[in-house]
Amino acid sequence: MARAIVRGGGVPSGSAGKQGMRRAEARSILYRRVAVIVILAVFLLPLLWLLSTAYKPTRDIFATPPTLLFSPTWSNFTSVFRYFDLPELLWSSIVISLGSTVLSLLLGVPAGYALARAKFRGAVGVAYFFLAIRTVPPVATLIPFYILMRDIGLLGTWWAVILINTSLNCAFVVWMMYAYFRSSPISIEEAALTDGCNDWRTFLTVALPAVVPGIIASAIFCVMFSWNDFLFAMFLTRAETKPISVALLSAYGTKDISWGTLGALAHFSTLPIILMMLFLNRYFVQGLTKGVN
Amino acid sequence: MAKIRFEDVSKIYADGVPAVDRLDLDVEDGQFLVLVGPSGCGKTTALRMIAGLEDISSGRLMIGGEVANDLAPRARNVAMIFQSYALYPHLTVAENMGFALRVRGQPRAEIESRVKRAAELLELQPYLGRKPAQLSGGQRQRVAMGRAIVRQPAAFLMDEPLSNLDARLRGQTRAEITRLQRDSGVTTVYVTHDQVEAMTMGDRVAVMNHGRLQQVGAPRELYDRPVNLFVATFLGSPPINAVEGRLRAEGKAVSLDLGGSVISLPAETVRQRPALARYHDRTLVIGFRPEALALGSAEGRSLRGTVAYREDLGSHLLFHIDSEAAPVRDPSAVVALGEGEEKALSGDGKAGRLRLNAPAGVALRPGEQVFVTVDPAQLHFFDPATGDALYADSTAN
């Protein structure tokens, strides 16, 4: 025991010491990698399980114990094309996501700028109030919004979902762009003012280009929230305007649709958003950390 | 070109603190005026008022004979160079320089030719296609200069444009800016806290402190005839020596008791400063610049002291000497300097700290006793309560 303590606590010397250090380093790397694999498994296994059902014959999906090796089949994908109007579902999702993203940016970016440059102390409080709007449980807003949309004749249209998503996403955009504009130097805008620009031109030609990463990050969040939205789309659209997220969850049990078919449909619901994240994750991470600064 | 005039202009913030307090100042057409003072003295606020980036609480600002209080920045035709340069990060050097012309709808050929001319003047041709992030600090500074020159404005406003450059480049750029201003003849207001820039660049220097204009005049005038102890201590490097002394009069002969050594004042010095008559047998603050001091022997006008430390500046030595003269008792009340500057002025508070330039060969070590002679013709006298310089019969002129 005593020997072990001396060996552990003493300063390593010569090649034996170096070897010991190398071994400790290798062990530390091993621990870290195992930790990463465990964490990845926790987050990715449910998704991989869902996607793998798309390639399994029905008997393998319900097999106990679960089968890891199976002969893949494309039949679930054939069912997707047979039972769903996939282009229409995707088009709905795209229209709703892009529509609410564009509207949120059009309203939220100038509002964030105005707050960032406002000369009153309560501006920070207002910015946080906007963030708080995003934390309101969606279901609490659904019923009054449903009635409102019904009364003005927009229920069942894309507009209904676009508008309610915009109201929530826009609040988030205001808060995020407020942080971006605050960290962008005001002196370049002052330079533009003395160079002959009015306020609008300063905003459009100098302030906006300086926060392009922030606008991209905001757009990613908006697209993500709207694409993944189920609740609003479920209650505010009808059969012809529903997006893929609604089709995915509401189709089970109808028209002889199986779990395998839903797994195949899930590909079309999740892959676009995952691909977007893969390409633009730099902006996504930047957006997440900006508010902290 | 334009004349700029502040008429009783104030800027008071919401908390009631005046950033600029009743400023009266004229910048003549084509003049190079340096606004100098410590941090927070209001010099940048005054500059931003000219640019239209800061509201004016009261008073009148005239640019080119017109009241400009409520004119939008774009309507003032002034070009500002910012401390951070404020280059547009998404535009190339050429686009940065031509931005103001593009905004004003100038023809493309005209923009290109003016940008080209300015780039030649500032040796920026190789960088015209680059973005600001790809440039060094000195190059960015030149682009900021170029952006201002291209516009051919009525006035240049420069807010500490050299503060981000290293010492060597600063010296070089200082000369360049002065030359460009002389060549173009454009009215220029230049803000700095660096007294070397103030002394070397401007036709006139305006010293500010606590939002108030202390003195305005030619650099030499401010150096030789400061109106108060603040101006005397702010200009000059190393700063002026300030100690307390007592004025004694015996008949027509006036002498100065500096705590042990008595210096008789030349009749000319006394004649030029009638105000001194009111201070006989009273304590006042005496200022003398390092060049008014010399190492001497234990006779007549010598002050005794001990070398506190020495700085080898290459060309010469700077000695800090704790003398027998009394330090200024309340330098903060009189001088309003920062904490470090106060200490430099008064030493440890027990002895009157003096600074003295000596040739490089002088072999004096810390702790050694020395005798210092003072040139009485180069003395400055200040009221100990107000800090005002004593010249004519009024407290200051």
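Yes/no per residue for (1) at pLDDT below 95; (2) over 22 Å from B:MET158 (Cβ atoms); (3) in a helix (DSSP H, G or I):
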site: B:TYR85; (1), (2), (3): yes, no, no
site: B:HIS90; (1), (2), (3): yes, yes, no
site: B:ASN96; (1), (2), (3): no, no, yes
site: B:ARG102; (1), (2), (3): no, yes, yes
site: B:ALA109; (1), (2), (3): no, yes, yes
site: B:ARG117; (1), (2), (3): yes, no, yes
site: B:ALA133; (1), (2), (3): yes, yes, yes
site: B:GLN139; (1), (2), (3): yes, no, yes
site: B:ARG142; (1), (2), (3): yes, no, yes
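When B:ASP70 is tested against the conditions (1) without any contact (Cβ under 8 Å) to a residue 12 or more places away in the chain; (2) within 14 Å of chain A (Cβ to nearest Cβ), the lone failure is (2).
Before we move on, is A:GLU240 among the acidic types (Asp, Glu), within 14 Å of chain B (Cβ to nearest Cβ) and either surrounded by 18 or more Cβ atoms within 10 Å (Cβ to Cβ) or not in a helix (DSSP H, G or I) (or both)?
Answer is no for this residue.
Within region A:113-127, identify whether any single residue is under 18 Å from the mean Cα position of the chain (by Cα) and either acidic (Asp, Glu) or assigned by TED's automatic domain parsing to the domain that holds A:PRO213 (or both), and answer yes or no. No, region A:113-127 contains no residue that is under 18 Å from the mean Cα position of the chain (by Cα) and either acidic (Asp, Glu) or assigned by TED's automatic domain parsing to the domain that holds A:PRO213 (or both).
When A:LEU265 is tested against (1) surrounded by fewer than 23 Cβ atoms within 10 Å (Cβ to Cβ); (2) part of a helix (DSSP H, G or I); (3) modelled with pLDDT under 90, just one condition goes unmet, and that condition is (1). Every condition in (1) within 27 Å of A:PRO272 (Cα to Cα); (2) surrounded by 14 or more Cβ atoms within 10 Å (Cβ to Cβ); (3) among the polar types (S, T, N, Q) holds for A:THR141 except the one numbered (1). When region B:278-300 is examined, which residues are found to be outside any strand (DSSP E or B), touching a Pro at 6+ places or on another chain (Cβ under 9 Å) and either without any contact (Cβ under 8 Å) to a residue 12 or more places away in the chain or surrounded by fewer than 18 Cβ atoms within 10 Å (Cβ to Cβ) (or both)? Selection gives B:ARG282 alone. If you check B:ARG74, B:ARG48 for being in a helix (DSSP H, G or I) and over 26 Å from B:ARG182 (Cβ atoms), only one passes: B:ARG74.
Within region B:3-22, the presence of at least one residue that is without any contact (Cβ under 8 Å) to a residue 24 or more places away in the chain, aliphatic (A, V, I, L, M) and in the same structural domain as B:THR187 (by TED's automatic domain parsing) is confirmed. Just so you know, in region B:51-67 the residues that are in a loop (DSSP other than H, G, I, E, B) and small (Gly, Ala, Ser) include one that is nearest to the other protein chains (Cβ to nearest Cβ), and it is B:GLY52. Scanning region B:137-147 for residues that are within 23 Å of A:THR202 (Cβ to Cβ) and over 35 Å from the mean Cα position of the chain (by Cα) turns up nothing.
The values are calculated or read from the model by the stated rules, or taken from the named source; none is laboratory data. As the structure is a computational prediction, the values presented were derived from the model and not from experiment. Heads up, the Cβs are rebuilt from the backbone with ideal geometry, glycines too, and the neighbour counts pull from every protein chain shown.
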